[in-house]
Amino acid sequence: MTGDLAALTAGTVLSVGALAVVLYPLFFDVRPRRNVAARAITHADDSAIRALREIEFDRATGKLSDADHVQLRREYGARALRELRAADAAAAPVRATPPMSEVAPSADPIEDRVRVYRATHRECRTCGLRPESDALYCSSCGVFLDGPPAG
C-alpha cells in the first residue's frame, strides 16, 4: 500500500511539473533577450518585409483571398520600399541632380531636360532607363544596376 501511495505521489508531482512547464509561456514573457547590436542586424523582424513574407505564406496556404492579397501586398510593398530607401539613404550620400548649367546647353529645352534626366537615372542593360533616380536594382527584371547613372 505504501508503494502505491509513493508511486501516486511521484506521478502527481511529475504531472504538475510537466503542466507548469507547458503553461509557463502562456502566462509569462519568454522571448529571448538580444543585445542592441543583434537587434540592429535583425531589424527586418518587425518590418514590412516580414509582413510581405507572411502575406505570401498566407496566400500560398489558402488563408488569404486574392483580393485581400493584392490590397495588402500593395500597402506593405510601398511601406517596405520606403523602409529600404530610408535605410539606403542613411547609409549612402544622396546623389544630387546636376544643375542645368552643368548640362551642355542645346537649342531645345526639352533636349536639356532629357539630358538631365539621363544624367540622374540609371539604365538597365535589358530594360533601359529606370524611372527611379535612386534605383540600385531594375524594378522590372531585378538586375543590379552596377554603373553610374546613364549620362
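Bear in mind these aren't lab numbers, they're just calculated from the coordinates by the rules spelled out. Bear in mind the structure is a predicted one, so any value in this text is a computation, not a measurement. Backbone-built Cβ (ideal geometry, glycine too); neighbour counts: all protein chains shown.
Fewest neighbouring Cβ atoms within 10 Å first, the residues 137, 24 line up as 24, 137. A simple spin-label model places the labels of residue 143 and residue 29 4.9 nm from each other, with each point 7 Å out along Cα-to-Cβ.
Between residue 85 and residue 120, full extension at 0.36 nm per residue minus the direct alpha carbon distance yields a gain of 10.9 nm.
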